[in-house]
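Here is the structure we will look at, set down as structure tokens.
Readers should treat all values here as calculations from the given coordinates under stated rules, not as data from a laboratory. In this text, all values refer to a predicted model and were calculated from it rather than measured experimentally. All Cβ positions, even for glycine, are placed from backbone atoms using ideal geometry, and neighbour counts span all protein chains on display.
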Amino acid sequence: MVDQTAQTIILGYHRFVDKVRHPDTEITPQDFEKQMEELKTHGITVIGMQDLLAWKRSEKNIPPRCAVITLDDGWKSQYDVAWPILKKYGYPLTMFIYTEGVQGGHFGGGQAITWEQLADMRDNGVDIQAHSKTHQDLRKPYNKVTKKHLSPPEYEQWLQDEIAGSKELLEQRLGIKVNCFAVPYGFYNEHIKQIARNAGYEALFTVYGQPITYTSALDSLGRYMIEANKPKVFADAVKMIGAPTSGGVAVAEVGAKDLATQPADGETVRTALPLIKANLGGVGQIDPGSVQMRVSGLGAVPASYDPKTATVSYQVTQRLRDKSCTVIVSAKSAGKKVEAHWTFGIEEGAAVGATSPTAAPKK
Ligand SMILES: [Zn+2]
């Protein structure tokens with residue numbers, strides 16, 4: 001029997017630079033090393049992705065509090081800067097590679113990792129996994145590389161190539177087995193999940209961080225994406241599973257799907273001022289005074305709760321500026337804290353006036 005109470009946070013990083021110019025994707029080597037040290041001081045064991053998946057299959061035990069380190073997009077600084085730091089700590093890592101981003105590919109410039117470097121990492125036990133071919137929003141039938149709108153059959157073929165083709169290419173080029181897919185930008189829908197399942201992926205990863213438990217759905221494992229200008233993301237991730245401090249409260253996680261959220265998890269809206277809603281009716285008896293909503297970029301917001309309909313809602317009045325927005329709704333039910341997270345996208349150049357969300361992406 002494996003320990004089904006163990007918890008894992010998955011951390012995601014991009015570039016490692018001495019001088020941060022793009023704080024949403026960069027971090028200094030010093031800050032990175034500090035975080036690696038902090039994992040140790042909080043009693044969190046860094047394990048490999050394959051160990052996490054083996055535990056979810058009940059094949060292997062993992063320590064009670066774990067972290068998995070993932071590096072996205074294939075940057076040279078991951079090889080030159082991050083890997084040596086991880087080696088120093090004896091931490092395993094997973095690389096999420098989009099194949100056209102490797103040096104020599106359509107997007108593989110001078111800062112990109114090379115196939116030789118990836119082979120070196122593979123030979124030294126680094127886990128290499130797929131992150132599509134060209135790193136686009138897979139929900140949209142538009143190929144940014146060829147600047148072409150895709151007809152339904154073309155779109156299906158393109159999705160196959162991005163999802164199954166990238167896996168095949170990595171497996172053949174490096175002689176490895178690929179069983180994980182990190183969805184570009186974390187944007188996915190049911191159809192994308194289905195194609196990934198059919199392609200033989202065991203696990204799908206998104207960008208909304210949450211502790212991974214024994215029962216977490218393998219088709220949407222949330223990662224904490226660490227950004228230089230949001231040190232709180234790392235601190236929160238560690239706090240979620242770190243060694244318990246006095247006054248710690250157990251939190252029961254509720255799936256966003258059960259709350260009929262608006263906008264829905266994974267949806268993209270055309271307004272930067274959306275109406276955010278969730279129905280807590282299925283959660284149980286809610287203490288009306290305990291309902292709270294947090295919105296990424298805004299913090300705690302003055303949401304209203306209607307006990308009659310069990311609906312918590314908030315009309316955003318201050319333009320959301322990020323490409324995606326995470327909402328956290330929490331409440332007390334029978335003395336226990338329950339919490340739900342979900343993430344929706346905001347279309348680039350979204351209007352400020354309109355308030356109605358767009359329909360699901362065209363098929
Ligand atoms: Zn990426």
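Points worth noting:
- Per the Debye formula on identical point scatterers at the alpha carbon atoms of the chain, with no solvent, log10 I(q)/I(0) at q = 0.11 Å⁻¹ is -0.79.
- Spin-label pair Tyr214/Asn61, simplified geometry with 7 Å Cα→Cβ offset, distance in nm: 1.2
- Note on segment 251-351: Cα convex hull, mean projected area over all directions, 5.7 nm².
- Projecting the Cα atoms of Pro64, Ile47, Gly108 onto the charge dipole of the chain (Cβ charges, centred on the Cα centre) puts Pro64 farthest toward the positive pole.
- Computed from the C-beta positions of Ala300 and His42 and an R0 of 25 Å, the FRET efficiency is 0.50 to the nearest 0.05.
- Length gained when the stretch Asp322-Glu190 is fully extended (0.36 nm per residue, less Cα-Cα span): 45.2 nm
- Ranked for footprinting exposure by Cβ neighbours inside 10 Å, fewest first, Ser304, Ser313 give Ser304, Ser313.
- Per-residue ellipticity at 222 nm from helix content only, as computed over the chain with -39500 (n - 2.57) for each DSSP H run of at least four residues, stands at -6000 deg cm²/dmol.
- When DSSP beta bridges are restricted to pairs lying wholly in the chain, around 50% turn out antiparallel.
- Each residue of segment 101-106 is assigned a 3J(HN,Hα), and the resulting list reads x, 6, 3, x, x, 4 Hz, derived from the Karplus form 6.51 cos²θ - 1.76 cosθ + 1.60 (θ = phi - 60°), x at Gly and Pro.
- Dimensionless Rg ratio for segment 1-126, taking C-alpha atoms and the 2.2 N^0.38 Å reference: 1.11
- Within a Gaussian network of the chain (alpha carbon springs, distance under 10 Å), most fluctuating of Ala264, Ala350, Ala228: Ala350
- Phi-derived couplings, Karplus 6.51 cos²θ - 1.76 cosθ + 1.60 at θ = phi - 60°, listed residue by residue for segment 220-230: 7, 7, x, 10, 7, 8, 8, 10, 4, 8, 10 Hz, with x used for Gly and Pro.
- Relative contact order for the chain: 15 percent, from Cα pairs under 8 Å spaced at least 6 residues apart, divided by residue count.
- Of the residues Thr41, Thr134, the one with the fewest other Cβ atoms within 10 Å heads the list, and the complete ranking is Thr41, Thr134.
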